[in-house]
Amino acid sequence: LIVFDGLGRVILHPDQRRADWQENLGDVELVRRALHGYSGPGEIELGGQRWLATVAPAASPGWYVLVAQPRNALFAPVARLAGVVGAAVLVVLVIVVAIAIKLAQRLAGTYRQLVRAAADLVDDQPGEPDVDLGSEEVHALWTQLRRLLDRAKEQERSARHAQAELQALLDAATEVAIIAVDTNHVVRLFNRGAEKMLG
């Protein structure tokens, strides 16, 4: 707590020697502003230390009252609290990352099972594949995948059957030569009639 007069001279100070000497604080920015009518908060530097302060006039004697607290002392509890909060956030973050990794590993295992089961289905492995579906979404995915694979297998069987019927029909046509080539002029089809006519 510092009290100074209208010229900026110290009237009352925690260090009584400064009051006895009537040290002039006129070079301190907040004091200079107070002498020109300012009243309110600010920041000052005294004794090589930063202080948060507020200044107000004491009307009757024409003096001013300056109340200040060292900046580092004022923010020390906030810094401690920030350290505690930071540590807590770090711990929570580590826990969240660990949980996310564990969940990702579980999901990856489920999807690996789905891939193996789908491969068994494609390779016509006997029996029902052992898949732990785990969730409704994975069950829905497996159901759609099975339907898609079943449809693809059915289409493949139909295509093979149609190809066999076509081949039988072409082979039965012994009096007509049927030859098919691809875009690179490679012979892809040469029926019995072509063999009989062309050798």
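Would you kindly calculate the translational diffusion coefficient of segment 27-69, applying Stokes-Einstein with the Kirkwood radius from alpha carbon pairs, for 4 °C and a viscosity of 1.567 mPa s, and quote it in µm² s⁻¹ without decimals?
For these conditions, the coefficient is 123 µm²/s.
How high is the relative contact order of segment 1-97, in percent, counting Cα pairs under 8 Å that sit 6 or more residues apart?
Once normalised by length, the contact order is 22 percent.
How large is the translational diffusion coefficient of the chain in µm² per second when you combine the Kirkwood radius over alpha carbon pairs with Stokes-Einstein at 4 °C and 1.567 mPa s? List each step's numbers first, then the result.
Values: Rh = 27.0 Å.
This corresponds to a translational diffusion coefficient of 48 µm²/s.
Measure nothing but the geometry: give the 0 to 90° angle between the long axis through the Cα atoms of 136-172 and the longest principal axis through the Cα atoms of the chain, rounded to 10°.
Helix 136-172 sits roughly 30 degrees off the main axis of the chain.
Rounding to the nearest 10 and keeping the result within 0 to 90°, find how far the Cα-based axis of helix 71-122 lies from the longest principal axis of the chain.
Computed tilt is about 0 degrees.
May I ask you to evaluate 6.51 cos²θ - 1.76 cosθ + 1.60, the Karplus curve with θ = phi - 60°, for each residue of segment 193-198 and list the ³J(HN,Hα) values in order in whole Hz, giving x for glycine and proline?
For segment 193-198, the Karplus-derived couplings read x, 5, 4, 5, 7, 10 Hz, x marking Gly and Pro.
Counting heavy atoms of the protein chains only and a 1.4 Å probe, report the per residue accessible area for the chain as a whole number of Å².
Heavy-atom accessible area per residue stands at 71 Å².
Assuming a ≥ b ≥ c are the square roots of the Cα gyration tensor eigenvalues, decide whether segment 1-65 counts as rounded (a/c under 1.5), prolate (otherwise, with a/b larger than b/c) or oblate.
Oblate.
The values are calculated or read from the model by the stated rules, or taken from the named source; none is laboratory data. Predicted model, so just to flag it, every value in this text is computed and none were measured. The protein model used for the area step is the full one, side chains on, heavy atoms only, and it has no ligands, DNA or RNA in it. Shrake-Rupley method; radii C 1.70, N 1.55, O 1.52, S 1.80 Å.
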